[in-house]
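The values are calculated or read from the model by the stated rules, or taken from the named source; none is laboratory data. Everything numeric here is computed off the predicted structure, so don't read it as measured data. With ideal geometry, Cβ positions are generated from the backbone for all residues, glycine too; neighbour counts draw on all protein chains shown.
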Amino acid sequence: MLIRNEIRKIVKNSLKKEGLVDFEFQILKSKEKKHGDYSLNIALEIGKKQKINPLDIAEKMKLRLEKEGKKVFEKVEVLPPGFINIFLNHKCFEKLIDEVLRKREAFGNLDLGKKQKIQVEFISANPTGPLTIGNARGGPFGDTLANVIKKAGYIVEKAYYINDYGNQITALGHSVLKDDKAKYTGEYIDFLNNRIENETDPYKIGKWASYIILKEVIRATVEKMNIFYNEWFSETWLYENKRVDKVLEFLKKNNLTYESEGAVFFKAKEFGDNRDRVLIKSDGKATYLAGDIAYHEYKFKDKKFDRVINVWGADHAGDVKGLESGVEALGFKGKLETILLQFVTIEQNGEQVKMSKRLGTYITMDDLLNDVPVDVVRFFFLQKSANTHLNFNLELALEESDKNPVYYVKYAHARICSVLRNSGIKIERIKKAKHISLLKEEAELNLMKEILKFEEIVEDTAKDYSVHRLPQYALDLASAFHKFYNDCKIITEDKKISQARIELTLASKFALSNILSLMGISSPEKM
């Protein structure tokens, strides 16, 4: 029950009857309770375009909205300079709770995607060493984003691109051999060095080592994060199947390449890039971009994705436009989106942790997961927006109290389960809301209003990819339930009130467990 859609229909119908069409408007959540549940800026937009006092327009719209929205709106009010505030009637909340109890785990499922196919590619760190916390930030982010997009009605696949071809593989081989061209160090290199026998070719050793690292290290870490991919795609496959050569030939045939100083350039500037990009270096070796363009041709041509979302680290910012230009050149303009994640640091005792326990150079995701539960890691990694540096507070992450937001949210779910277990009411028989109309207390209404936001969270995040709103919503919902629990005695002498509050408690359980599930976080029944 996306109430915003209902409001939008009412507003558009009201505009039509007032002879006002083709006006864009926003439906905003009111920041203060006294200003209602939603706020409209339509009068301001009309006033600006028609040079009319927006307050006069708002007053006129108020009368029309009250008439057209009488089944949904309890009250409509106008505030200077022309905002229209909407107060929902109780029937909306009754309908909402009934929907939650009927749909349960399916509550929040939308039809926004119309079954379009989307791929979310994330992490995709080179298989030359363990995942660092910087590499791994894309894990919870990409996984959660894919979960939300799927709930919004899209067909979604999660992918990891394995860069197992090229110079970094040769460098890994030299590192395992520990010769003068070694680049990587650490205990894992020592481990691999002890396993080589008679092979001396750096590239062959690098290929072997990258396979071991991927299989025994990276995939194990990914599984610890509760991430499961639909596809692990090897870069080597692109070269073995001549896919890079075919893409280069296509670009050349369409006059989109040229040679300079022995290198082959892609005319990326023709597609809005700030420079042309090298595809084949003067030594005859392909660049990362050549492989990336070929990989994306596979995504769109072979896999037939309607849209692809790449989740990359901020250090790849300079590569985004080149790949977008290549994708456009192939005929898939506008189908690729890239999200850049800023860096991660670990803080302990007020200071940044710089050293790895095992490697002495950087912090691996395994280091962190050995100390901190995966649910906490995922929640903390999701709390900041993609364009914000993430400072992971290790002390707070290990805190088992309400100070720790993960503990606070999980405790809310455990408390809900305890209430349901001890209610004396047969919970399994509750399939719909029968008594919600009796609930009028402020804490009850506020909890219902938080539940109402769930579908909007799914819709908004599927559109703008701001997954950091999910942990904040979980905190808000948990807080609203704790307030309801403290202010309203759930089991009372009035059996109908008790039943109504149990119905609300059960609806809260589904809303909270559903939001935690989207984040890949467990919902404990006891703590």
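Taken across the range 161-176, residues that are small (Gly, Ala, Ser), touching a helix residue (DSSP H, G or I) at 6+ places or on another chain (Cβ under 6 Å), in a helix (DSSP H, G or I) and over 21 Å from Gly313 (Cβ atoms) do occur, with at least one present. Only a single criterion out of (1) outside the structural domain of Pro130 (by TED's automatic domain parsing); (2) loosely packed, with under 13 Cβ neighbours inside 10 Å is not satisfied by Arg243, namely (2).
Can you give me the number of residues within the range 480-502 that are among the polar types (S, T, N, Q) and free of Cβ contacts under 8 Å to residues at least 60 places away in the same chain?
2
For Ala329, the conditions (1) at pLDDT 95 or above; (2) under 19 Å from the mean Cα position of the chain (by Cα) are fulfilled apart from (2). Are there any pairs with C-beta distances below 6 angstrom linking a residue in the range 503-516 that is surrounded by 24 or more Cβ atoms within 10 Å (Cβ to Cβ) and of a type in the set (A, V, I, L, M) to a residue that is part of a helix (DSSP H, G or I) and at pLDDT below 95, with the two at least 6 apart or on different chains, and if so which? No pair meets every condition. Flag not set for Thr345, criterion: at pLDDT below 95 and out of contact with any strand residue (DSSP E or B) (no Cβ under 9 Å at 6 or more places or on another chain). Taken as a whole, the range 85-104 holds no residue that is without any contact (Cβ under 8 Å) to a residue 12 or more places away in the chain and either assigned by TED's automatic domain parsing to the domain that holds Lys150 or more than 30 Å from Leu516 (Cβ to Cβ) (or both).
At least 1 residues that are in contact (Cβ under 8 Å) with a residue 24 or more places away in the chain and of a type in the set (Val, Ile, Thr) in each: list the helices (runs of 4 or more DSSP H) lying fully within the range 317-434 that qualify. Steps first, answer last, please.
Details: elements: 320-329, 365-371, 374-382, 394-398, 405-421.
By residue number, 320-329, 374-382, 405-421.
Exactly one residue out of Lys71, Lys67, Lys29, Lys34 is outside the structural domain of Leu447 (by TED's automatic domain parsing), more than 35 Å from the chain's Cα centre (by Cα) and either within 27 Å of Phe510 (Cβ to Cβ) or of a type outside the set (S, T, N, Q) (or both), and it is Lys67.
Taken as a whole, the structure places Leu289 among residues that are of a type in the set (A, V, I, L, M), more than 23 Å from the chain's Cα centre (by Cα) and surrounded by fewer than 20 Cβ atoms within 10 Å (Cβ to Cβ).
Find the residue count for the range 42-61, including only residues that are surrounded by fewer than 21 Cβ atoms within 10 Å (Cβ to Cβ) and either among the hydrophobic types (A, V, I, L, M, F, W, C) or within 30 Å of Lys440 (Cβ to Cβ) (or both).
Qualifying residue count, the range 42-61: 4.
Answer yes or no: is there a residue in the range 96-114 that is among the polar types (S, T, N, Q), modelled with pLDDT of 95 or more and closer than 30 Å to His435 by Cβ. For the range 96-114, residues among the polar types (S, T, N, Q), modelled with pLDDT of 95 or more and closer than 30 Å to His435 by Cβ: present.
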